[in-house]
Structure formats: structure tokens, C-alpha cells
2 protein chains.
Amino acid sequence: MGFHFEVLKTDPTGARLGRLTTPHGVIETPAFMPVGTAATVKGLTQQALEELGAEIILANTYHLYLRPGHELIRQLGGLHAFMSWPHPILTDSGGFQVMSLAPLRKVAEAGVTFRSHLDGAMVELTPERAIEVQILLGSDIAMQLDECVQLPAPPTEIERAMTLSLRWAERCKRAFAGAAAGRALFGIVQGGDDGKLREQSARALVDLGFDGYAIGGLAVGETQTVMLEVVAETAAALPADQPRYLMGVGTPADILEAVARGIDMFDCVLPTRNGRHGLAFTRFGPINIKNAHHADDPRPFDAQSRCPAARDFSRAYLHHLFRSGEALGGTLLSLINLYYYQDLMAGARAAIIDRRFADYVGETKEQWIAKRDRSS
Amino acid sequence: MGFHFEVLKTDPTGARLGRLTTPHGVIETPAFMPVGTAATVKGLTQQALEELGAEIILANTYHLYLRPGHELIRQLGGLHAFMSWPHPILTDSGGFQVMSLAPLRKVAEAGVTFRSHLDGAMVELTPERAIEVQILLGSDIAMQLDECVQLPAPPTEIERAMTLSLRWAERCKRAFAGAAAGRALFGIVQGGDDGKLREQSARALVDLGFDGYAIGGLAVGETQTVMLEVVAETAAALPADQPRYLMGVGTPADILEAVARGIDMFDCVLPTRNGRHGLAFTRFGPINIKNAHHADDPRPFDAQSRCPAARDFSRAYLHHLFRSGEALGGTLLSLINLYYYQDLMAGARAAIIDRRFADYVGETKEQWIAKRDRSS
């Protein structure tokens, strides 16, 4: 199977129902990709990921490049074989993690040099190297190397990083020519919160020509209003027949609003990271299971859920697991959250088919608010 | 279903095939009970426990008494409902944990007073209270309160604790008269490494009359040879038609040898605790997955295993999870170990049916040794 994308339906809001075909399988869009940083979605078995309906996961090039190393993973048959996940995988380029995790880094035209957060060694990541690593990992969708700046930032800084990212995009595209047929490379639109820079970045990337386009450098400090404006402006500058991926976003509300603005793909650590910290996403809004008033609550999170953990365990039991520092608590809440995100996307896809996506967003948000008082 | 035990076959070694019937289901013996200390077998979902074939689990009265409290669990429908485990549960009495976990304790005729390791509060556990807690938890099999001494110990100290445990046994039996019909209470033989004291303890307990008999106070510092001698002597003094449970034992080798001496039930934290620390039990002997030479080993632990984790993941991947501090590593090795223990017991039962248990022990041990060099 080669890479292929089809928009099947479009809702009046601009939300799109699509189908993404990759060498390792088909993904219904809009899709949420659980984050499997170090070749594991933290605390969950691959079997559990299959059961909850994840059709694609994301893995972090930065982490795997540093440990255990892309050459070892290649030698072991590639990332799919290494982690026993025979379904699609998207790898990021490592650029974002260099910015957020490395204790020291220096960006130059050639690439970025950084100190590993693991052992302090100095490591270089160039556009060519980022692509080589992803090719050896064998991901279905690779990302260009980009530079992402924290917002707010001075306009000149945003523009510098955006134009550098464009030059890196071109080098990545050239380097990716060696990848196996059927694999995809996505360009990443940068430009901070500046609509004009975003449009300029998008048009230049489209001129280069990629298999899909991501919007990077958002959810890095700006308000949701600003983020959604930038998403709308950027999406308008991207080809209607290619996939659009909003990187690192976000809350259920962020995702629904971005789907309404024509985004097809999402990834975020929130469902798993918040789950490990005791925060659940449910149909009735967020619930912090560590709050004392859950201690004797016999109700499950959601008796109607498809998720066994949301259905079969009382809030009292989940509260007990967190109070006792038991690993199962984080695992069950991560499961509950990922089921919720998958179900949110399935609901979105069904609503787009019926051309009632705006109603779906309204009903979903109403339910979060209506029950918040008695369950959070 | 009421409590009932039947010996179906006896092997020339003395190993017994049995069937234990409890209010929540039937257990084939010899059986291994995974330890679910705080109403969770650490890191594993209840679904995973069902899949690996655990027919009964053990929960620790000491932990649940302190947190979240037996009255809360009772109010939430009992331990089976609380942890969503509809199958048999055995609870210990808390005595062993008071000795091993409480930073301070004082044993008197009335019971034991100890400082909670959680919040420093002084707590009292009497025989009557230990039974009340277990009745409210609703376990299928409850244990008498006993005093367990660390070995080596002076004979007078061993005898004192043994006779105190006998008096507590009588009080526990009286207190248990209030339990729902069908639930079982086991007495616990004490007496350290002294065969005469063990025999005396066993005969006195049998005179009192319990639903089953445990051997406590072993695997607390003595050699395997001493332990097995005591097991053999004690088992000989116990009724042939009632279940025998060796508490807190042990390694696969310990278990096989104890089965050969007529023991029917086992529990131990080794498969889960060692699993969390990177030590796997396999058909080919123990493997420390943290050793560097596993880093590039594409082989699974056991391609023939019934356990998906032992079959589907390379040693290189499991090594990577431990090196990266990923929780999935501990979860997968705990699974691998509990599958191994369950399969070891299934193999034992099959061998007893064929009256070839001694051969089974020999073959199993041979396989551990034969492959040790290249896989540990």
C-alpha cells in the first residue's frame, strides 16, 4: 500500500471526513494519534492500544535517536517490528524535543547541535540526519526538521525560524528521495501567531510539494483564540486534497474546534500524561480522581462507555489506586482518556457524515458543562 | 457455592491434584495465587489476570485495613466488587505484614499493636479484629491471625509464638462463626524450623478444626533444605482430605519441591516484584533483562509461550523499556512471570494426572540449567 489521502465528505463548518492510506494500514480522519515517545505509549500494552481503536501512533525521533538509536532499531527490523506495532506510525523530526528537552542547543544553518538530556553528550541533528533517522526507523509518515519558537516571541525571531524551517524543508525533501516507495513526508508550517508569515510558509511548502502538511509551533503559550485563528488562516492556504496535521494539540475542545477548521490529524500527550497524574477526560468533562470526595463514590466514570476501565471500576477504586501510588491507576486513567479521545473522533466522523458537526461540538461541550458540578 | 475440597489424584511423590470450590468459583490445585496487595496486582489489569489464567488472587488485609479501610470496602460492596474481580480471593490476616512492615509493634496476648507505616498512627490488630476485617472484605478464604518469627530464632521464642498463634487460632475460629456460609477459614501452622513444634502446632489446629491449613513462618531466612524438611513433616501431620497452603513461597524450584511434598496452594510476590526489577522467570531459567548483552537481541523470551509478552517482544525491546525507565517494562515482565508460574502449575497438574510428577520436576529443572548460559 502506498500513501494516499482522500477527502470523503465535507461538513458546512469545514470539517472533513477523510481516509489516509499508508504502508501499514488505513486511518479514518479526523484522527487522534496517541504518543508513544520511546516506542511505548506510557503504561499501555500494544494490545490495549489496538483494543481502544488507535489506528496510528506517534513516536519521537529525538528519544529514539538518543536511545536505543535508530541504527539498532533498523537492525532489529525497524520500529514496527521493534515495538510489535504492525499498524501505521508517524515519527516527528526531533526538532520540537530539542527545543523543549535539551538543556543546551545551538541552531545554525546546517542544523541544530544540542546536549543530550540523557548523558550530556553533544549531538547534531541536521535536516538530512533527521530524515535518515526516520527512514531507518521505517515510519509510515516522516516529518521535516523545523525550528519551533516559544510564543510570545519578537516578529523577527518568528520570521527567522520560519524561513530557516523552509530551507530545512527543502533539504529534507531532497534527503527523503531515498525512502522506500509509499512512505510519506510532511512539511511543517511555521510562523508563530502571525497570519501573514503562516500563509507565506504554507505557500512556500506547497510549492516544494509534500505528501501532507503539518501546522507546528502552536500550543506553545498562545491563547486558544489565537491558536484557532492561525489554524484557520493556515488551513485556507493548504491544498484541499491533502492531509493537514495540527501538531501537539490538544484538549478535547481544542481538537473539536480545529476539526471545524479543516484539520485531519492530531497528536498530544495530554490523555496519557494527565491520566498518569489522575486527571480523566470524560463525556461529563474533566475529573480529578485525586480529589477526596471521590473516595467513597461507587459510580464508574461512565457506565455507557466502550472502555472497560471507565465502565467497570468505581471512582472510589480509582481514587484508592492513586492514593496508594499504584501504577494501575495511571494505566487505567490513560486507557480511559485514550478511549475518550478515540470516541470523540469517532463521534466527529459520524457527525461530519451527517453534516451536523457544529451541533456535535455544541452538544459535546454542553454535556461537559452540565454535569461538571457533581462529578469533577 | 460453599467451600469444598476434593483430592482427585495422588502422585507417587505425594503431589496431589485437587479441586477447591469457593463461593466465587473453582480452583484447580496445585494453584499459584498472584499477590494483589492493595487490591491490585501491581501494574496489571484484572483483564490481564483473567487472560493469564489466575483462578484466585491474594489480597493483604494489613494494607486494606489501613487504606482505604475495610468498612469503606464493605460499603462499596466488598473486595470483589471494589476491585472488579469476580473470582476467588484469599485474604491473609495481616500478621505477617505487621511483622515485616510496621516500624514498631508490640505483641501481647490480646493481639498486636503497631505503628502504621503510612501515617504513623498506632493501630491494634486482635484475632477478632483480623477476622472482622476479612469478613467485611468478603474474601472467599480468610486466614487466622498468627505471629511469625524471623529465622533463625531461639527455640523458646519459636515455641512462644507458636503457642500464642494457637490461642489466637481458637479465638479466630470463634469470631469466624459470624461469617457467611460457604466462606472458609484456614489455620496456620507455626513452629519455625523445629519439626516437633510444627507437628504439635498442626495437631492442635486439626483438633480445633479448620477448612484448610497453611504453613506459615517459612521462607523467612532458612535454607531451602530446612524449609522442605519442615514442609514434609508438617504436611504429614495434616489431614489428607483438606487443602494445604504454603504461605509466601516461592521460587519455581521451591514450589515444585513443595508440591512433591503434598502442598496444594502457593502465593508469592516474586513473579511481580522481580518482574518490576527486570528479572524474568522462563522455561529456560531466570533472565535479567537489564544485562547489557540483551540490548541487541532480537529473540523473544520464549517463542512457544502462551504469553503474548514472552512471544511478541524481543529481548532488545524489553531491555530498552527498562533502560528507559518505562512502566511497560515492569508490566510486561510481571505478565511474563505470572504466565510462567501459571504454566508451571498447569504442567504440574498434568504430570500428577499421569503419575509422573518426579519426571516433570526433573525435566523442568534440566531445561532451566541447559539453556542458562546463552540466555540469562
Condition first: surrounded by fewer than 24 Cβ atoms within 10 Å (Cβ to Cβ), in contact (Cβ under 8 Å) with a residue 24 or more places away in the chain and polar (S, T, N, Q). Can you find one or more residues in the range B:15-33 that meet it?
no
Quick test of your reading of the structure: B:Leu338 fulfils all but one of (1) within 26 Å of A:Gly43 (Cα to Cα); (2) outside any helix (DSSP H, G or I); (3) touching a residue at least 40 places away in the same chain (Cβ under 8 Å). Name the failing condition by number.
(2)
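Out of all the residues in the range B:307-321, is one or more within 17 Å of the chain's Cα centre (by Cα) and either farther than 18 Å from B:Gly36 by Cα or at pLDDT below 95 (or both)?
Step one: of the range B:307-321, the residues within 17 Å of the chain's Cα centre (by Cα) are none.
Taking every residue of the range B:307-321 in turn, none turns out to be within 17 Å of the chain's Cα centre (by Cα) and either farther than 18 Å from B:Gly36 by Cα or at pLDDT below 95 (or both).
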Only one of A:Gln200, A:Gln224 is crowded, with 18+ Cβ neighbours inside 10 Å and farther than 22 Å from A:Lys42 by Cβ. Can you tell me which?
A:Gln200
With respect to the numbered conditions (1) touching a residue at least 40 places away in the same chain (Cβ under 8 Å); (2) within 14 Å of chain A (Cβ to nearest Cβ); (3) surrounded by 16 or more Cβ atoms within 10 Å (Cβ to Cβ), which one is the sole condition not fulfilled by B:His63?
(1)
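So how many residues does the range A:319-335 have that are closer than 21 Å to B:Leu72 by Cβ, of a type in the set (A, V, I, L, M, F, W, C) and facing chain B (nearest Cβ under 7 Å)? Walk me through how you get there before you give the answer.
As a first pass, look at the range A:319-335 and keep what is closer than 21 Å to B:Leu72 by Cβ: A:319-326, A:328-329, A:332-333.
From what is left, the residues that are of a type in the set (A, V, I, L, M, F, W, C) are A:321-322, A:328, A:332-333.
Next cut, facing chain B (nearest Cβ under 7 Å) only: A:321, A:328.
Final tally of qualifying residues: 2.
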Just the residues that are in contact with a Ser or Thr (Cβ under 8 Å, 6 or more places away or on another chain), modelled with pLDDT of 95 or more and among the small types (Gly, Ala, Ser), please, taken from the range A:164-194.
A:Ser165, A:Ala184, A:Gly191
Output yes when any residue across the range B:245-256 is touching a Leu at 6+ places or on another chain (Cβ under 9 Å), modelled with pLDDT of 95 or more and assigned to a strand (DSSP E or B), and no when none is.
yes
Quick check on this structure: which one of A:Gly217, A:Gly275 is within 17 Å of the chain's Cα centre (by Cα) and assigned to a loop (DSSP other than H, G, I, E, B)?
A:Gly217
Within the range A:74-101, the count of residues that are at the interface with chain B (Cβ under 9 Å from one of its Cβ atoms) and either part of a helix (DSSP H, G or I) or under 25 Å from A:Glu147 (Cβ atoms) (or both) comes to 3
Would you say A:Ala348 is in a helix (DSSP H, G or I) and away from chain B (no Cβ under 14 Å)?
yes
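Report whether or not A:Pro68 is free of Cβ contacts under 8 Å to residues at least 40 places away in the same chain and in a loop (DSSP other than H, G, I, E, B).
On the way: free of Cβ contacts under 8 Å to residues at least 40 places away in the same chain: yes; in a loop (DSSP other than H, G, I, E, B): yes.
So A:Pro68 passes the test.
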Within the range B:108-118, identify whether any single residue is without any contact (Cβ under 8 Å) to a residue 60 or more places away in the chain, among the hydrophobic types (A, V, I, L, M, F, W, C), within 14 Å of another protein chain (Cβ to nearest Cβ) and surrounded by fewer than 16 Cβ atoms within 10 Å (Cβ to Cβ), and answer yes or no.
yes
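Would you confirm whether or not the range B:106-123 contains a residue that is closer than 26 Å to B:His24 by Cα, of a type outside the set (S, T, N, Q) and in a strand (DSSP E or B)?
Just the residues of the range B:106-123 that are closer than 26 Å to B:His24 by Cα, to begin with: none.
Scanning the range B:106-123, I find no residue that is closer than 26 Å to B:His24 by Cα, of a type outside the set (S, T, N, Q) and in a strand (DSSP E or B), so the answer is no.
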Select from the range B:263-272 the residues that are assigned to a loop (DSSP other than H, G, I, E, B) and buried (at least 23 other Cβ atoms within 10 Å of the Cβ) and write down the one among them that is nearest to the other protein chains (Cβ to nearest Cβ).
B:Cys268
Hits in the range A:233-242 (condition: in contact (Cβ under 8 Å) with a residue 40 or more places away in the chain and part of a helix (DSSP H, G or I)):
A:Thr234, A:Ala235
Count of the range A:127-176 residues which are under 26 Å from A:Met83 (Cα atoms) and either among the β-branched types (Val, Ile, Thr) or not in a helix (DSSP H, G or I) (or both):
11
Conditions (1) among the aliphatic types (A, V, I, L, M); (2) over 29 Å from B:Ser305 (Cβ atoms); (3) within 14 Å of another protein chain (Cβ to nearest Cβ); number of the one not met by B:Leu104
(3)
Check off (1) within 28 Å of B:Val230 (Cβ to Cβ); (2) assigned to a loop (DSSP other than H, G, I, E, B); (3) in contact with a helix residue (DSSP H, G or I) (Cβ under 7 Å, 6 or more places away or on another chain) for B:Pro298 and give me the number that stays unchecked.
(1)
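Name the single residue, out of those in the range A:284-295 being in a helix (DSSP H, G or I) and within 13 Å of another protein chain (Cβ to nearest Cβ), that is nearest to B:Leu76 (Cα to Cα). Outline the logic, then answer.
Taking the range A:284-295 and keeping what is in a helix (DSSP H, G or I), we get A:292-294.
Then keep just the ones that are within 13 Å of another protein chain (Cβ to nearest Cβ); that gives A:292, A:294.
Numbers: A:Ala292: 16, A:His294: 12 Å.
Going through the qualifying residues, I end up with A:His294.
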Determine the pairs where a residue that is within 11 Å of another protein chain (Cβ to nearest Cβ), located within the range B:302-318, has a partner that is acidic (Asp, Glu) and surrounded by fewer than 21 Cβ atoms within 10 Å (Cβ to Cβ) with Cβ atoms under 6 Å apart, the partner being 6 or more residues away or on another chain.
B:Arg315/B:Asp297; B:Ala316/B:Asp296; B:Ala316/B:Asp297
Look at the range A:128-161 and say how many of its residues are within 18 Å of A:Gln190 (Cα to Cα) and under 21 Å from the mean Cα position of the chain (by Cα).
11
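Residues that are hydrophobic (A, V, I, L, M, F, W, C), in contact (Cβ under 8 Å) with a residue 40 or more places away in the chain and under 17 Å from B:Ile352 (Cβ atoms): does the range B:243-254 have at least one?
First, pick out the residues of the range B:243-254 that are hydrophobic (A, V, I, L, M, F, W, C): B:246-247, B:249, B:253.
Now drop any that are not in contact (Cβ under 8 Å) with a residue 40 or more places away in the chain, which leaves B:247, B:253.
Now narrow it down to the ones that are under 17 Å from B:Ile352 (Cβ atoms): none.
No - not one qualifying residue is present in the range B:243-254.
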Quickly run through the range B:40-56 and pick out the residues that are part of a loop (DSSP other than H, G, I, E, B) and either without any contact (Cβ under 8 Å) to a residue 24 or more places away in the chain or buried (at least 23 other Cβ atoms within 10 Å of the Cβ) (or both).
B:Thr40, B:Val41, B:Gly43, B:Leu44, B:Thr45, B:Ala54, B:Ile56
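Taking B:Leu185, is it in contact (Cβ under 8 Å) with a residue 12 or more places away in the chain, within 28 Å of B:Trp85 (Cβ to Cβ) and in a helix (DSSP H, G or I)? Before you say what the answer is, go through the steps one by one.
Details: in contact (Cβ under 8 Å) with a residue 12 or more places away in the chain: yes; within 28 Å of B:Trp85 (Cβ to Cβ): yes; in a helix (DSSP H, G or I): no.
Considered against the rule, which asks whether it is in contact (Cβ under 8 Å) with a residue 12 or more places away in the chain, within 28 Å of B:Trp85 (Cβ to Cβ) and in a helix (DSSP H, G or I), B:Leu185 comes out as no.
The values are calculated or read from the model by the stated rules, or taken from the named source; none is laboratory data. Every value quoted in this text rests on a predicted model; they were computed, and no experiment measured them. Every residue, glycine as well, gets a Cβ built from its backbone with ideal geometry; the counts of neighbours run over all protein chains shown.
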